[in-house]
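The structure appears below as structure tokens.
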Amino acid sequence: MKLSSKLLTAALSGLISVSAFAADFTFKMQSSDPSGDKNFQIQQQWAERVGKMSGGRLEIKLLPVGSVIKHTETLDAIKMGILDGHITATAYFSGKDPAFGLIGNTVGAWSDTSQLLQYINYGGGYQVMTDLYAPYGVKFVGGSTTGVESFVSKVPVDGVADLKGLKLRAPEGLVQKVFAAAGAAPVNLPGSEVFTALSKGVIDAADYTVFSTNQKAGLNDIAPHPVQPGFHSLPLIDVSVSQKKWDKLPADLQEILTVSVRDFAQDITTQLRIADQLAVKEAQNNPDITIHNWSAEERKKFRAIARSQWEEFAKESDNAMKVYQSITAYLEENGLL
């Protein structure tokens, strides 16, 4: 990049920063989170760190959900060159292949964020995601997550038996299948309608998100029997980019991106865990809220039901079967089943 003598003098004298010059590489990426959400704010911090770590050579332009295209369509948008990448929940693409739903949210599999991250980084998950995304011309850079999701309920739910007949909001796909198999009556509603549906009695409970987000949104006030710690849902959040644009990056920038995603995963899970801990204390000080912690025995019962549905889901595509075999092998090898 040629600089005029005036610009060069200004840069050297500190009058303008190096970041004022155009980056060598720019990636336009879309998140599946809205701009006001804590998740998006942490993602923005990651994007800014990548710029600094690369000395301004690599710029991540991160956009909130829906800025360019629907959150369920970013995979195609990357393939078509409309976007250069995304930070999103992998399960959103289960309509393309059940494999994405199974690896994106293996209901009942993970009881801690470290378990999922270990599987992705060291237990075979990275290669599985690489293979799944290859036909779309998408490079899986790395995986993250949020936190094991809490469960909000207007009535006490202390075990599997209490799920019978319970009208609960659950995302379509594997999550709904598992809860239906457990005896619940799943209702398909977008997250934006959970509060209203609970307050009007359309549903009795909801699988929505982490405890701190539920608490901040007032869900625990209208559904005062949350289940915490969570046990059922831990989504895979993937950071992926166009394979063509990835291939054009020099090796050092590829490495910076890869390592930065591992740091991002540690950062977001830690920040959300801290937020959850504070929210739990706040809820415990509210006499109108009763937190329910399922026993190991009840969690084991739910896991058995969930596993039966993993097996059924795995039959829906060859890729889903590969995901099932990979995850169950990892869980068995590490004594997590």
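The values are calculated or read from the model by the stated rules, or taken from the named source; none is laboratory data. Note that the structure is a prediction, hence the values are computed from the model and not measured. Every residue, glycine as well, gets a Cβ built from its backbone with ideal geometry; the counts of neighbours run over all protein chains shown. Heads up: the accessible areas ignore ligands, DNA and RNA and are worked out on the full protein's heavy atoms, side chains in. Shrake-Rupley method; radii C 1.70, N 1.55, O 1.52, S 1.80 Å.
Dipole of the stretch 153-299, Cα-centred, from +1 at each Lys and Arg C-beta and -1 at each Asp and Glu C-beta, to the nearest 20 debye? Numbers along the way, then the final one.
Working: 14 positive and 18 negative charges, 67 e Å.
Its charge dipole is roughly 320 debye.
Taking mean projected area of the Cα convex hull in nm² straight from the coordinates, which label in (i) 20.3; (ii) 16.0; (iii) 18.5 is the correct one?
Label (iii) holds the value from this structure.
Under 5 Å between amide hydrogens, which residues at least 5 positions from L63 or on another chain qualify, with H placed 1.01 Å from N in the peptide plane?
Answer set, sorted by chain and number: M29, Q30, S31.
Which value, in debye to the nearest 20, gives the size of the charge dipole of the stretch 236-291 about its Cα centre, when Lys and Arg are +1 and Asp and Glu are -1 at the Cβ?
On the way: 6 positive and 9 negative charges, 38 e Å.
For the stretch 236-291, the charge dipole is close to 180 debye.
In a shell of Cβ-Cβ distance under 14 Å around F313, excluding F313 itself, what net charge do Lys and Arg (+1) and Asp and Glu (-1) give? Could the numbers behind the result be given before it?
On the way: positive: K177, R307, K315, K322; negative: D97, E172, E311, E312, E316, D318.
Charge balance in the 14 Å sphere: -2.
Only four residue types carry charge here, +1 at the Cβ of Lys and Arg and -1 at the Cβ of Asp and Glu. Report the dipole size of the chain about the Cα centre in Debye, rounded to the nearest 20. Spell out each step's value before the answer.
On the way: 32 positive and 36 negative charges, 145 e Å.
Here the size comes out at about 700 debye.
With springs connecting C-alpha atoms under 10 Å apart, model the chain as a Gaussian network and identify which of N285, N319, N220 has the largest mean-square fluctuation.
In the Gaussian network model the winner is N285.
Can you give the accessible area of D37, probe radius 1.4 Å, in Å² rounded to 10?
We get 50 Å² for D37.
Hey, which lysines would be in cross-link range of K96, C-alpha to C-alpha under 21 Å, not counting anything within fewer than 8 residues on its own chain?
K96 reaches K70, K79, K139, K177, K315, K322.
What number, in percent, do you get for the relative contact order of the stretch 154-300 if the mean sequence gap of Cα pairs under 8 Å and at least 6 apart is divided by its residue count?
Numbers: 156 pairs, mean separation 43.6, N = 147.
Dividing the mean separation by the residue count of the stretch 154-300 yields 30 percent.
Among T258, H232, Q243, pick out the residue whose Cα is farthest towards the positive end of the charge dipole of the stretch 223-262, where Lys and Arg carry +1 and Asp and Glu carry -1 on C-beta, about the Cα centre.
Value: Q243.
Keeping every protein chain in place, order K244, K139 by accessible area at 1.4 Å, biggest value first, i.e. largest first.
Working: K244 160, K139 35 Å².
From most accessible down to least: K244, K139.
Obtain the nm distance between the two label points defined at D37 and L63 by a simple spin-label model: each point lies 7 Å from its Cα along the Cα-to-C-beta direction.
Those two pseudo-labels are separated by 1.7 nm.
Going 7 Å from the Cα of N188 toward and past its Cβ, which residues in the stretch 142-181 have a backbone nitrogen under 17 Å from where you end up?
Only 168-181 fall inside the zone, counting backbone N under 17 Å.
Leaving out ligands, DNA and RNA but keeping every protein chain, what accessible area does M321 have, in Å² rounded to the nearest 10, with a 1.4 Å probe?
In the full protein context, M321 sits at about 70 Å².
Over the chain, with a Gaussian network built from C-alpha contacts below 10 Å, which listed residue (P287, P226, P186) shows the highest mean-square fluctuation?
Result for the chain, Cα springs under 10 Å: P287 fluctuates most.
What does the charge count near W46 come to, summing +1 for each Lys or Arg and -1 for each Asp or Glu among other residues with Cβ under 12 Å from its Cβ? Walk me through the intermediate numbers first.
Details: positive: R49, K52, R262; negative: E48, D263, D267.
Within the 12 Å Cβ shell, the charges total 0.
Give the whole-number value, in cubic angstrom per residue, of the convex hull volume spanned by the C-alpha atoms of the stretch 135-243. If you can, show how the numbers build up before the last one.
Working: hull volume 12.2 nm³, N = 109.
So the per-residue hull volume is 112 Å³.
Tell me the angle of helix 251-284 to the major Cα principal axis of the chain, expressed in degrees between 0 and 90 and rounded to the nearest ten.
40
Excluding P64 itself, calculate the net charge of residues whose Cβ lies under 11 Å from the Cβ of P64, where each Lys or Arg counts +1 and each Asp or Glu counts -1. Before the final figure, lay out the partial values.
Details: positive: none; negative: D33, D37.
That sum, taken over residues with Cβ under 11 Å, equals -2.
Work from the charge dipole of the chain (Cβ charges, +1 for Lys and Arg, -1 for Asp and Glu, about the Cα centre) and give the residue of A161, L278, G142 farthest towards its positive end.
With unit charges placed on the Cβ atoms, the residue in question is G142.
Can you find, among I82, F179, V65, the residue sitting farthest towards the positive end of the charge dipole of the chain, where Lys and Arg contribute +1 and Asp and Glu -1 at Cβ?
I82
For a paramagnetic label modelled at 7 Å from the Cα of N121 toward its Cβ, which residues of the stretch 261-292 fall within the zone defined by backbone nitrogen distances under 15 Å?
Inside the label zone: 261-271.
Taking Cα centroids, how far is the stretch 274-306 from the stretch 181-204 in Å?
So the two Cα centres are separated by 19 Å.
Heads up, I need the accessible area for R273: 1.4 angstrom probe, whole protein in place, Å², nearest 10.
For R273, solvent-accessible area is about 100 Å².
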